[in-house]
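Notes to accompany the following structure.
The values are calculated or read from the model by the stated rules, or taken from the named source; none is laboratory data. This one's a predicted model, so the numbers in the text were calculated from it and none came from an experiment. Note that each Cβ is placed from the backbone with ideal geometry, even for glycine, and that neighbours are counted across all protein chains shown.
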Amino acid sequence: MIITPGPSPIQETSRERSAFFKRPPVFWARLTLGVILIAASVDKIIHPAAFARIIYNYQILPDVLINSAAITLPWLEVLLGGLLLFGFRLPAAVVLTNLLFITFFSMLVFNAARGLNVHCGCFSTSAEGNPVMLWYLARDSVFLLAGGYLFHKVILGNGR
């Protein structure tokens, strides 16, 4: 009887690593958007008053809702980011994430149309320097495209 050795632990680890990187694009899209949402929430959670000032500068919400939005929005981003990262309740997370991205993009377009050049507050609550509205719109367009791709694959197709 001939005994052949099984794969070594090093070969197994290499095979597992290779399988991880060969995941479908929908995995990478949800992973990327999940990380983006969580990263975007950090400064807002740490500095809610500064984030409230940024929301106020958009001149869209009534004053009475600004503090509530400044406190809840970052935690919603954390929740949705975590759901996307772990793939839990994915259809709901994808729909809500897209609604959030559409809302953010719409607010930027609305303010650009009104001639208001505001700091978006997306990743930083700092209001220093000149806001670059064109950059904000381009970046958020990429987020919308990635969210739309996830929506197409997760909600409309079979792209898990």
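Can you confirm whether the range 77-97 contains a residue that is more than 23 Å from F143 (Cα to Cα), surrounded by 12 or more Cβ atoms within 10 Å (Cβ to Cβ) and modelled with pLDDT of 90 or more? No, the conditions are met nowhere in the range 77-97. Taking the range 142-157 as the range and being assigned to a helix (DSSP H, G or I) and without any contact (Cβ under 8 Å) to a residue 40 or more places away in the chain as the test, the residues that pass are V142, L145, H152, L156.
Scanning the range 21-45 for residues that are in contact (Cβ under 8 Å) with a residue 40 or more places away in the chain and more than 21 Å from R139 (Cα to Cα) yields one hit, P24. In summary, P62 fulfils each of the numbered conditions (1) over 28 Å from R114 (Cα atoms); (2) more than 17 Å from the chain's Cα centre (by Cα) with the single exception of condition (1).
Among the residues of the range 114-132, is any among the aliphatic types (A, V, I, L, M) and either at pLDDT 80 or above or assigned to a helix (DSSP H, G or I) (or both)? The answer is no; no qualifying residue exists. Scan the range 62-71 and give yes if some residue there is under 26 Å from G148 (Cβ atoms) and surrounded by fewer than 21 Cβ atoms within 10 Å (Cβ to Cβ), otherwise no. The answer is yes; a qualifying residue exists.
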